[in-house]
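Note sheet for the following structure.
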Amino acid sequence: MTTQNSQTAQLQDLGREHLLPPFTDYQQLNAKGARIIKQAKGVYLWDTEGNKILDGMAGLWCVNVGYGRKELAEAAYKQMLELPYYNLFFQTAHPPAIELAKAITELAPEGMNHVFFTGSGSESNDTVVRMVRHYWATKGQPNKQIIIGRNNGYHGSTVAGASLSGMPAMHKQGGVLPGIVHIEQPYWYGSDRTKSPEEFGIWAAEQLELKIQEIGVEKIAAFIAEPIQGAGGVIIPPTTYWPKVREILNKYDILFVADEVICGFGRTGEWFGSQYYGIQPDLMPIAKGLTSGYLPMGGVIVRDEIVEVLNQGGEFYHGYTYSGHPASAAVALENINILKNENILDLVKRDTAPYLLEKWTQLADHPLVGEARALGMVGALELVKDKQTAERFAGGNTGMMCREHCFNNGLVMRAVGDTMIIAPPLVITKTEVDELIEKAVKCLDLTWQDAKAK
């Protein structure tokens, strides 16, 4: 995709001079210039060159109801005219935050009737660290400080969020907070595959118990995990994994934090991934699909038994200027109404997700694809040199090569190493799924040719 007009060139130059975007190699970006996205509608983006691009990632996993929903813009406008901002500090509140908290808890698993609002998923997981440690201290067990996460899990990029995440590249740039450790992820395809998926699921869950025994249950505050790992490569755990994990957590009375930032608000066809898997978390960080990305907002849904203890603990010295922001809350309420009134979750569950699964898994026939997996509105492709051994191409850049082909051919697919992932808007139609698959095949073909020629 070459630059053709002066507007693009001017914006790219301004970006080089002034903008530091996240998760970016600045030297590399400055050499090529950013792609400038100008507008969006439904499941499509348009850049300043006029190229139409199918957004297979729903922004960053978040634009669940699609782009261009006037109802969400109008909800923000109306609220900004009435009360554009006020905080939740100093024993005050406002109607949008209260009404949204109620609406969220009506969707959450039974017994989770309280919400602490934040501005993002990272802030939600920062809140989790503070809240679970405060909870145990209030219960008279202040030594229960350690939180167990998973290798390759993702819980944000703030210092606490990155510490909870199990990504070494992030840890090298700032370290890991004390009291956070990691265990193996339930990534069957990335294992030696000598075990069946069911056997591997049990083995991966048992790593939690081994870590608990190694550290001592008297020191452990919580276990945090995504129902489906997102940024780690859409790792869908074997069916045996979550039942075994839940059994272990119950055995040792350890809090379970289900990070629903990606899975929440319909991505699995249920309101939350925890409901899809039948797991009972104690805390659920949320964000992204809460407002479909139209305004920043996050939160933590908290089980009643946790709140009963917090109510006895004095002041909780934690919060954010924009906790429960009125305009964001108004947009979130309208977003939930859209998901309900248009039966979007039911459509995903019964129609488009099964169709996507059928079409997506057929990509496993491609010579470049070692595995094609999907659940709800997420999917992953493992790019390999040898389908039998799962050997990758040397250099580890096949995924980035594929990502470039995708963008240059009108499709957003994300590369996680040599795994390609999607999470399209929940409103994607079957016709648009067909388009996504058609473009994916073309880009796989181009990548296969390039990889073999290296």
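The values are calculated or read from the model by the stated rules, or taken from the named source; none is laboratory data. Keep in mind that this is a model prediction, so the values were computed, not measured. FYI the Cβ positions are ideal-geometry reconstructions off the backbone, even for glycines, and counts take in every protein chain you see. The area values use the complete protein model at the heavy-atom level, side chains included, leaving out ligands, DNA and RNA. Shrake-Rupley method; radii C 1.70, N 1.55, O 1.52, S 1.80 Å.
Looking at the chain, what % of its DSSP beta bridges pair antiparallel, to the nearest 5? DSSP beta bridges in the chain are roughly 70 percent antiparallel.
Per residue, the Cα convex hull of region 68-135 amounts to 134 Å³. Which distance in nm do the two modelled labels at ASN341 and GLN362 give, with both placed 7 Å along the Cα-to-Cβ direction? Computed distance between label sites ASN341 and GLN362 equals 3.6 nm. Using the alpha carbons alone, the radius of gyration of region 212-364 stands to its Kirkwood radius in an Rg to Rh ratio of 1.01.
Note on VAL412: accessible area is roughly 20 Å² with a 1.4 Å probe, heavy atoms of protein only. Each peptide in 321-328, 110-117 gets a packing score, the mean of other Cβ atoms within 10 Å over its residues, and the list from highest to lowest is 321-328, 110-117.
Percent of Cα-Cα pairs more than 19 Å apart in region 168-226, please. Counting pairs separated by more than 19 Å, the tail of P(r) holds 44 percent. In a fully extended conformation the segment linking LYS454 and HIS171 would gain 98.7 nm over its present Cα-Cα distance, using 0.36 nm per residue. Volume of the convex hull of region 1-135 (Cα atoms only), normalised per residue: 196 Å³.
Looking at [x] 24.8, 100; [y] 22.7, 76; [z] 22.0, 66, which value of Rg and Dmax of the Cα atoms in Å comes from a calculation on the structure shown? Looking at Rg and Dmax of the Cα atoms in Å for this model, the match is [z].
Sorted on the mean count of surrounding Cβ atoms within 10 Å across their residues, most packed first, peptides 373-380, 70-77 read 373-380, 70-77.
Note on surface exposure: LYS172, LYS144 rank LYS172, LYS144 by accessible area, highest first, 1.4 Å probe. Report the gain in length on full extension from GLU99 to LYS251: 0.36 nm times residue separation, minus Cα-Cα distance, nm rounded to one decimal. Stretched out fully, the GLU99 to LYS251 stretch lengthens by 51.1 nm.
Ligands, DNA and RNA left out, the 1.4 Å accessible surface of region 143-278 is 52% carbon and sulfur atoms.
Among LEU290, SER6, VAL132, which residue has its Cα positioned farthest towards the positive end of the charge dipole of the chain, with +1 placed on the Cβ of Lys and Arg, -1 on the Cβ of Asp and Glu, and the dipole taken about the Cα centre? Of the options given, the answer is SER6. Principal semi-axes of the equivalent ellipsoid, √(5λ) from the alpha carbon gyration tensor of region 102-232, are 25, 19, 17 Å from largest down.
For the chain, the mean residue ellipticity at 222 nm estimated from helices alone is -12500 deg cm²/dmol, where every DSSP H run of n ≥ 4 contributes -39500 (n - 2.57) and the total is divided by all residues, rounded to the nearest 500. Taking all protein chains as shown and a probe of 1.4 angstrom, SER165 keeps an accessible surface of around 0 Å². With Cα atoms defining each centre, region 47-95 and region 253-307 are spaced 19 Å apart in the structure.
Based on protein heavy atoms only, the chain ends up with 44 Å² per residue of surface accessible to a 1.4 Å probe.
Label positions at HIS318 and ASP25, each projected 7 Å from the Cα along the C-beta direction, are separated by 3.7 nm. Counting lysine pairs in region 36-151 that sit 8 or more residues apart in sequence, or on different chains, and whose Cα atoms lie under 21 Å apart gives 7.
If the chain linking THR431 and ILE215 were pulled fully straight, counting 0.36 nm for each residue of separation and taking away their Cα-Cα distance, it would gain 72.6 nm.
Partners of LYS454 within straight-line reach, counting lysines whose Cα lies under 25 Å from its Cα and excluding those fewer than 8 residues away in the same chain: LYS32, LYS385, LYS387, LYS439, LYS442.
When peptides 197-205, 82-90, 223-231, 134-142 are ranked by their average number of other Cβ atoms within 10 Å per residue, the highest-first order is 223-231, 197-205, 134-142, 82-90. In this entry, region 285-385 is assigned a mean projected area of 10.4 nm², taken as a quarter of its C-alpha convex hull surface. Averaging over all projection directions, the Cα-based convex hull of region 187-287 occupies 6.5 nm² in the image plane.
Between GLY42 and TYR67, GLY68, the built amide H atoms are under 5 Å apart, and every one of these is 5 or more places off in sequence or on another chain. In the assembled protein chains, THR361 presents an accessible area of approximately 50 Å² (probe radius 1.4 Å). Counting charges near PRO95 (Lys, Arg +1; Asp, Glu -1) among other residues having Cβ under 11 Å from its Cβ returns a value of -1.
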